[in-house]
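The values are calculated or read from the model by the stated rules, or taken from the named source; none is laboratory data. These numbers come from a predicted model, not from an experiment. FYI the Cβ positions are ideal-geometry reconstructions off the backbone, even for glycines, and counts take in every protein chain you see. Just the protein is used for accessible areas: all its heavy atoms, side chains included, with ligands, DNA and RNA removed. Shrake-Rupley method; radii C 1.70, N 1.55, O 1.52, S 1.80 Å.
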Amino acid sequence: MQLARKMATENVSLLFKVYCLSVMTLVAATYTVTLRYTRTVLTKMYFATTAVCITEVIKLILSLGMLIRDSGSLSRTLSALQEHILRSPKELLKLSVPSLVYAVQNNMAFVALSNLDAAVYQVTYQLKIPSTALCTVFMLNRSLSKLQWASVFMLCAGVTLVQWKPVETTKVQVEQNPVLGFVAIAIAVLCSGFAGVYFEKVLKSSETSLWVRNIQMYISGIAVTAFGVYVTDGAQVMEKGFFFGYTHWVWFVVLLASLGGLYTSVVVKYTDNIMKGFSAAAAIVISTVASMLLFGLQITPTFVSGAILVCISIYYYGLPKQNTMTIQQTVTEKSKQPLEDV
């Protein structure tokens with residue numbers, strides 16, 4: 001009976017992991033394809049800055065809901081908010097750093113997908129791995145294995161192949177600037193690496209819950225993105241309205257961006273790097289197929305070779321480090337055993 005219960009628990013755990021990864025993969029792929037569609041097909045172009053701001057608002061609402069669920073009552077939630085929000089201005093200021101960086105990253109995603117195909121974006125965006133690796137080494141004093149460093153160089157080579165000869169899309173009529181798109185992705189991956197590692201460092205510096213930290217960050221994020229709307233599109237927003245150009249597809253993009261952040265935190269908590277690597281590779285495949293069907297993407301041999309290299313490098317980067325101390329101990333113990341007579 002105990003064995004059956006144990007097996008049932010493991011099965012539920014595995015199903016939960018597969019569920020989270022499946023949702024995150026579909027959200028990531030659908031987000032890039034839908035965002036690409038809204039920036040290249042819709043006639044009335046909405047303001048990207050307002051979409052980023054609304055996304056932060058929805059993330060804040062979702063995080064408040066998760067905090068209420070974890071605390072168990074509204075009174076405990078209010079006391080936690082009073083302690084960590086109203087009485088902790090320094091913590092809000094600390095979390096404003098990743099808020100600002102994430103705001104830049106999210107806006108760069110709109111610029112990139114306005115100028116690059118969704119499949120090319122999905123592959124090139126994996127440069128966030130070496131960006132995060134370098135930030136981890138310098139900011140958290142961690143080390144990478146030789147295999148991980150080799151995977152980083154392999155990934156860069158794969159992205160170079162993808163960008164070597166730009167792919168063509170036959171169903172996109174808007175003028176595009178691939179160089180601007182690549183520069184936007186480069187800025188986005190640098191922001192992703194720094195903000196992710198910075199947020200991890202803040203999380204591990206105290207025992208404050210993940211959802212409270214998210215709320216602190218999203219409050220700052222709303223202020224930062226609202227200021228971005230005023231500076232970038234303030235005059236046009238006042239003239240045309242905050243929600244100018246919004247369709248059900250645009251709202252779908254905003255919802256996907258909000259859910260993506262939520263599921264990413266869950267996946268980081270409950271899965272490992274290998275499973276996340278498979279998720280990223282699957283998102284690349286889905287985005288490529290969708291781009292071929294929706295935008296008439298004409299893939300080239302260099303794109304296929306680069307995408308394969310990127311998928312392989314993601315897998316090898318996620319492999320666990322080999323414990324050399326255990327290996328040395330095993331070898332030493334074996335060397336001490338007496339030789340058998342022949």
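Computed quantities for the displayed model
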| quantity | calculated |
| --- | --- |
| In sequence order, calculated HN-Hα J values of the stretch 135-142 (Karplus, 6.51, -1.76, 1.60; Hz; x Gly/Pro) | 5, 5, 5, 7, 9, 10, 6, 9 |
| Order of exposure, largest accessible area first, which applies to GLU175, GLU239, GLU91, GLU83 with probe 1.4 Å | GLU175, GLU239, GLU83, GLU91 |
| Subset of LYS128/LYS201; LYS44/LYS165; LYS94/LYS146 violating a 24 Å alpha-carbon distance limit | LYS44/LYS165; LYS94/LYS146 |
| TRP251, TRP164, TRP149, ranked by accessible area, largest first (probe 1.4 Å) | TRP164, TRP251, TRP149 |
| Nearest-10 value in Å² for the accessible area of TYR315, using the 1.4 Å probe | 90 |
| Potential extension, THR247-LYS165 segment - 0.36 nm per residue separation minus Cα distance | 26.1 nm |
| Computed lengthening from ILE61 to MET238, 0.36 nm per intervening residue step minus Cα-Cα distance | 61.2 nm |
| Inter-label distance for PHE138 and PHE16, nm, one decimal - labels placed 7 Å from Cα along Cα-to-Cβ | 3.8 |
| Virtual spin-label span in nm between SER145 and GLU83, 7 Å along Cα→Cβ | 4.0 |
| Cα-projected label distance for PHE153 with SER205, points at 7 Å along beta-carbon direction, nm | 3.5 |
| Heavy atoms of ILE299: accessible area, 1.4 Å probe, square angstrom to 10 | 70 |
| The stretch 123-218, accessible surface, carbon-and-sulfur percent (1.4 angstrom probe) | 65 |
